[in-house]
Amino acid sequence: MTIDVLTLFPGMFVGPLDESIVRRARDAGHLDLRIHNLRDYAHDRHRTVDDRPFGGGPGMLLKPEPLFEAVEKLGGAEARVILLDPAGRPFDQALARELAGERRLLLICGSYEGVDERARSALVDDEVSIGDYVLTNGALPAMVVIDAVTRLLPGVLGDDESAHDESFSRGWLEYPQYTRPAEFRGMKVPEILLSGHHAEIAKWRREQAQQRTAQRRPDLAGANAAPPDAAVGRPQRATDEDERRESSI
Ligand code: 4GM
């Protein structure tokens, strides 16, 4: 997938997208990420990108001309063009999955004052919000979308990593998980998880996932969907190999 980003703050994208799984996806050629400075598409002496709203009122708006030129030059007609905006469609795992199926995305990061309506209606396919709060600009929301979409691209996650999403995708929160040691500062791992009884462990995990979802997120689809899957691996016994193995985190 190719993702173009239009932003007034290209420096904000340095760092978060150069680490971890997104880094790996870029290096492996699954993601071609291109960050563009919107100011490069403004051609007056001061390279102006914003102006005061007609009719008065506080703040400034992104001007249409640099946005039109940038989107046209970057081939916006061949991409799904998305404006990050607190008034947009709520971003969730289902939308991440939908976007991961596109060949090209073009993400436009506005600033807290907003965007001229003509640019919005002529250039933008979807307005997307990562949550009900206002940020100083759309760079962080764009990075959230890029991260969530990238890890869903075919080949990016190994089977083990992607299996982890299954339950959440179907509307259930994760069951509690534990790793060694079996007792830490007097806090014990639930006996059932050490028992080696696969069916019992799966049942316990399903119940835990259901309880958690009901308590914390009754709004999730899980409230009405099929019960959660509960993955059960081999019994968790520490082996010499485990002891030698480096943490993968
Ligand atoms: C207004 C219009 C997105 C403000 C367009 C962007 C929060 C989100 C901005 C804009 C933003 C969000 C910039 N703040 N909740 N600020 O996804 O891009």
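The values are calculated or read from the model by the stated rules, or taken from the named source; none is laboratory data. From a predicted model like this one, the values you see are computed outputs, not experimental measurements. Using ideal geometry, Cβ is built from the backbone for each residue, glycine included, and neighbour counts are taken over all protein chains shown. With ligands, DNA and RNA removed, areas are computed over all heavy atoms of the protein, side chains included. Shrake-Rupley method; radii C 1.70, N 1.55, O 1.52, S 1.80 Å.
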Computed, not fitted: 222 nm per-residue ellipticity of the chain from DSSP H runs ≥ 4 (each -39500 (n - 2.57)), nearest 500, equal to -9000 deg cm²/dmol
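Expressed as a fraction of 2.2 N^0.38 Å, the rule-of-thumb size for a compact globular protein of N residues, what is the C-alpha radius of gyration of the chain? If you can, show how the numbers build up before the last one.
On the way: Rg = 22.9 Å, N = 249, 2.2 N^0.38 = 17.9 Å.
For the chain, the normalised Cα radius of gyration is 1.28.
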Residues whose placed amide H lies under 5 Å from that of residue 107, excluding near-sequence neighbours: 4, 5, 6, 82
Helix 139-150 against the longest principal axis of the chain: what's the angle in degrees, Cα atoms only, rounded to the nearest 10? 50
Grab the other residues whose beta carbon is less than 12 angstrom from that of residue 213, score K and R as +1, D and E as -1, and report the net. +2
May I ask for the angle, rounded to the nearest 10°, between helix 64-73 and the longest principal axis of the chain, with both axes built from Cα atoms and the value confined to 0 to 90°? 70
Could you size up the charge dipole of the chain around its Cα centre, putting +1 on the beta carbon of Lys and Arg and -1 on that of Asp and Glu, and report it in debye to the nearest 20? 400
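By how many nm would the segment from residue 89 to residue 134 lengthen if fully extended, with 0.36 nm per residue of separation less the alpha-carbon distance? Write out the running numbers ahead of the final one.
On the way: separation 45, 0.36 × 45 = 16.20 nm, distance 1.42 nm.
Using 0.36 nm per residue and subtracting the Cα-Cα distance, I get 14.8 nm.
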Approximate spin-label separation residue 160-residue 47, in nm, with each point projected 7 Å along Cα-to-Cβ: 4.6
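If you take every residue apart from residue 126 with its C-beta less than 9 Å away from the C-beta of residue 126, what net charge results, scoring Lys and Arg +1 and Asp and Glu -1? Walk me through the numbers on the way to the answer.
Working: positive: 80, 89; negative: 125, 127.
Charge balance in the 9 Å sphere: 0.
Out of the total accessible area of the stretch 1-117 (probe 1.4 Å, heavy atoms of protein only), what percent is carbon and sulfur? Display every interim value, and only then the final one.
Numbers: 3170 of 6180 Å².
For the stretch 1-117, the apolar C and S fraction of the accessible surface comes to 51 percent.
Give me the dipole magnitude in Debye, nearest 20, for the stretch 82-154 about the Cα centre, with unit charges on the beta carbon: positive for Lys and Arg, negative for Asp and Glu. Show your work: numbers first, answer last.
Working: 7 positive and 12 negative charges, 62 e Å.
Roughly 300 debye for the stretch 82-154.
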Can you compute the charge dipole magnitude of the stretch 29-100 about its Cα centre, using +1 on each Lys and Arg Cβ and -1 on each Asp and Glu Cβ, nothing else charged? Give it in debye, rounded to the nearest 20. 120
Rounded accessible area per residue of the stretch 70-173, 1.4 Å, Å²: 48
Can you tell me which lysines have their Cα less than 19 Å from the Cα of residue 73? Leave out same-chain residues fewer than eight positions away. 63
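Given R₀ = 41 Å, FRET efficiency for residue 197-residue 220 by Cβ-Cβ distance, to 0.05? Please list the in-between numbers first.
Numbers: r = 29 Å, r/R0 = 0.70.
Here the calculated transfer efficiency is 0.90.
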Express in nm, to one decimal, how much length is gained between residue 36 and residue 60 on full extension, taking 0.36 nm for each residue of separation and deducting their alpha carbon distance. 6.5 nm
With labels modelled as points extended 7 Å from the Cα through the Cβ direction, what inter-label distance (nm, one decimal) is found for residue 18 paired with residue 73? 2.4
Skipping prolines and chain starts, which residues have an amide H placed within reach, meaning under 5 Å, of the one on residue 33, given they are 5 or more residues away or on another chain? 3
In straight Cα distance, which lysines are under 20 Å from residue 203, not counting same-chain residues fewer than 8 positions off? 188
